[in-house]
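Single-structure report; data block below.
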Amino acid sequence: MGMLASLISGLASGEAVAAVRRARRAAIVYALAALAALCGLGFLVGAAYVWVAGHYGPMAACLGFGVGFLAIAGLLLLVHRLSAGARAQRRVRRRTADLKAVGITAALAALPALLKGKGGLGTILAPAIALAAYAIYRENTKPAADDPDDGEAK
């Protein structure tokens, strides 16, 4: 049995080493390709500048390219800022769903042990009733921060 386990672990570690080598090689190739693409974009911007400078003059070309790149930067920051709220809400929803799934899984895993214990069904019903009561309480009360009638400036 020990020989079979060592054979399987050797195969798995050999696969892991091969996968790491492939990933490293791919990362190097992608980094070089990205560097070449950035150089190409730089030359295209340079060529566009030379063409615009030939038609409108160097000062107008500098001002136009400067304003254009600042406008692009502003738009990128604006889009990022507007989408940050949606990303935060998705993270909160995902975290809540994950915590709920973990809680349900833990409860289902502990259920057989609780049913066999001394308290039996009462051990399960008391916390379940308390949770239901708390959920009803939270549903029927508003948080103070969301109160629209509170006109006081703090």
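The values are calculated or read from the model by the stated rules, or taken from the named source; none is laboratory data. Treat the numbers as computed from the prediction; the structure is a model and nothing was measured. For neighbour counting, all protein chains shown are included, and Cβ atoms are generated from backbone atoms with ideal geometry for every residue, glycine included.
Within the range 39-52, can you find the residues that are farther than 24 Å from Leu63 by Cβ and hydrophobic (A, V, I, L, M, F, W, C)?
Result: Cys39, single match.
I need every pair where a residue in the range 40-65 that is assigned to a helix (DSSP H, G or I) has its Cβ under 8 Å from the Cβ of a residue that is at pLDDT below 95 and among the acidic types (Asp, Glu), sequence separation at least 6 or different chains.
none
Evaluate the following for Leu75: is it out of contact with any Gly (no Cβ under 9 Å at 6 or more places or on another chain) and modelled with pLDDT of 95 or more?
yes
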